[in-house]
1. Counting DSSP beta bridges with both partners in the range 112-233, what percentage is antiparallel, nearest 5?
2. On the first, second and third principal axes, largest extent first, how far apart are the outermost C-alpha atoms of the range 142-273 in Å?
3. Taking 0.36 nm per intervening residue step and subtracting the Cα-Cα distance, what contour gain separates residue 22 from residue 137 on full extension?
4. Kindly express, to the nearest 10 degrees and within the range 0 to 90, the angle between helix 48-58's C-alpha long axis and the longest C-alpha principal axis of the chain.
5. Within the range 135-191, what percent of beta bridges assigned by DSSP are antiparallel, to the nearest 5?
6. Test of understanding: what is the full-extension gain from residue 110 to residue 61, defined as 0.36 nm times their sequence separation minus their Cα-Cα distance?
7. To the nearest 20 debye, what charge dipole does the range 133-273 have about its Cα centre, counting +1 at the Cβ of each Lys and Arg and -1 at the Cβ of each Asp and Glu?
8. Work out the length of the dipole vector of the chain about its Cα centre, built from +1 on the beta-carbon of each Lys and Arg and -1 on the beta-carbon of each Asp and Glu, and round it to the nearest 20 debye.
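Laboratory data are not the source of any read-out in this text; all were calculated from the coordinates shown. Keep in mind it's a predicted model, so treat the numbers as computed, not measured. With ideal geometry, Cβ positions are generated from the backbone for all residues, glycine too; neighbour counts draw on all protein chains shown.
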Amino acid sequence: MTIQVKFWGVRGSIACPAREYVKYGGNTSCLEVEANGLHIILDAGTGIRGLGKKFFQREIKKTHLLLTHTHWDHINGFPFFAPAFSPDCEIHIKAGHLKAIGGIQNVIANQMANPTFPVPLEAMNANMTFEDFTAGESFNLSDDVKIVTAPLNHPNGATGYRIEYKDKSFCYITDTEHVVGEIDQNILKLVDGADVVVYDSTYTEEEFPSRIGWGHSTWNEGMKICKEANVKKMVIFHHDPDHEDDFMTKLEEEATSTWDRIIVARDGMELEI
């Protein structure tokens, strides 16, 4: 009766395939969550390519892909997700920010259309469904796995997710910008009492003032929210591409010494809740 989580991509904005990013990872946002045999993917950044290979090895043929939003770093791995090309696979794709402007299927198809990509969405032979909802809604993926959502403060919109299974809860809050001096009530309600919260910590407190309007937050703000909501563990996530391993090591030392419930996400990291 646990939730299993694996981080396949933890970087924000753009993939960083260089030796300066080996320790924490250079792939963009993608998480794998398993609850009671149900397989959930959170975002389709470059990390989803490696996840697709593992799905084949493990003979996983059905999954739900929940997208926070559709900026490139969260969807540009999807055309390389091998199970999407297999007629034996079933993929259910959901997004909460596009209902009023054409829907998620159109966005994914446009990403894969000429002249920007040579393989169209129609070439994917998996049994795929696309569903648009409005951030703030809740729905079940099975009898005992519930998804609760909330809107996030990000250019073009984004969605935060809470996955509940039995008495366990895991929250994925990325690509959101806080307002200085205020706690985001949407996020506070979503993460209340959660076991683990993954939080957008792209910038440091020193960097943030010059990046207001870019749609991201800091680990310090995440810590404030998590303390207020009595969260058991917070994960620093969506690392800025300018934050190389040496920078991230110092950031990790500062954050973990400030609050012992903080950990820093790495490509390949696994958690059991």
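1. Working: 16 of 23 bridges.
Around 70 percent of the beta bridges assigned by DSSP in the range 112-233 are antiparallel ones.
2. Projected onto its principal axes, the Cα set of the range 142-273 covers 44, 30, 25 Å.
3. Details: separation 115, 0.36 × 115 = 41.40 nm, distance 3.77 nm.
That works out to 37.6 nm of additional length.
4. 60 degrees
5. Values: 16 of 17 bridges.
Once the DSSP bridges in the range 135-191 are tallied, antiparallel ones form about 95 percent.
6. Numbers: separation 49, 0.36 × 49 = 17.64 nm, distance 2.53 nm.
That pair, residue 110 and residue 61, stretches by 15.1 nm at full extension.
7. Values: 13 positive and 29 negative charges, 123 e Å.
Around 600 debye, computed over the range 133-273.
8. On the way: 25 positive and 40 negative charges, 142 e Å.
Once rounded to the nearest 20, the dipole reads 680 debye.
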